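Undergrad: Before we start, here is the structure in question, set down as structure tokens.
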Amino acid sequence: QVQLVESGGGLVQAGGSLRLSCAASGRSFSNYAMGWFRQAPGKEREFVAAISWSGVVRYYADSVKGRFTISRDNAKDTVYLQMNSLKPDDTAIYYCASTRVPTRQLREYGSWGQGTQVTVSS
């Protein structure tokens, strides 16, 4: 298992940007594909983005494509989510998670962080 800690959330105005970080510890980070999910109040947790161990393969939800970018630095055991052109609908708790191969399927992710709150004001 790998332990994950998210950071970088906060309050931002619509149109603004934030960069989330997810620091990993424990088993070798570079062995894992990573994903970002989010959960808004009263809604189910949903897929945002995923990245392979090498960073070559990346998937995005349609709702964030062109605005968000997932990346990773295996030397720092960290995965990032750069969020631009934020909208009020992006307001949610954002979670990072680890898996074997990049996927949009929540059930395929084993380890999860505690989440970081992102609030976008209109």
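The values are calculated or read from the model by the stated rules, or taken from the named source; none is laboratory data. What you are looking at is a predicted structure, and each value in this text was computed from that prediction instead of being measured. Cβ coordinates were reconstructed from backbone atoms using ideal geometry, including for glycine residues, and neighbour counts include every protein chain displayed.
Undergrad: Please specify each residue of region 83-122 satisfying the condition of being closer than 17 Å to Ser21 by Cβ, assigned to a strand (DSSP E or B) and among the hydrophobic types (A, V, I, L, M, F, W, C).
TA: Met83, Ala92, Ile93, Cys96, Ala97, Trp112, Val118, listed by residue number.
Undergrad: Restricting attention to strands (runs of 3 or more DSSP E) lying wholly within region 1-82, give those where 2 or more residues are free of Cβ contacts under 8 Å to residues at least 40 places away in the same chain and hydrophobic (A, V, I, L, M, F, W, C).
TA: 68-73
Undergrad: Any residue at all in region 12-31 that's over 20 Å from Ser121 (Cα atoms) and touching a Cys at 6+ places or on another chain (Cβ under 6 Å)?
TA: Yes, the conditions are met somewhere in region 12-31.
Undergrad: Right, something else. If the requirement is being among the small types (Gly, Ala, Ser) and more than 11 Å from the chain's Cα centre (by Cα), which of these qualifies: Ser54, Ser21, Ser7, Ser98?
TA: Sole residue among the options that is among the small types (Gly, Ala, Ser) and more than 11 Å from the chain's Cα centre (by Cα): Ser54.
Undergrad: If you check Ser21 against the conditions, is it in contact with an Asp or Glu (Cβ under 9 Å, 6 or more places away or on another chain) and modelled with pLDDT of 95 or more?
TA: yes
Undergrad: Exactly one of these conditions fails for Ser63: (1) under 16 Å from Ser7 (Cα atoms); (2) in contact with a helix residue (DSSP H, G or I) (Cβ under 9 Å, 6 or more places away or on another chain); (3) among the hydroxyl-bearing types (Ser, Thr, Tyr). Give me its number.
TA: Single failed check for Ser63: (1).
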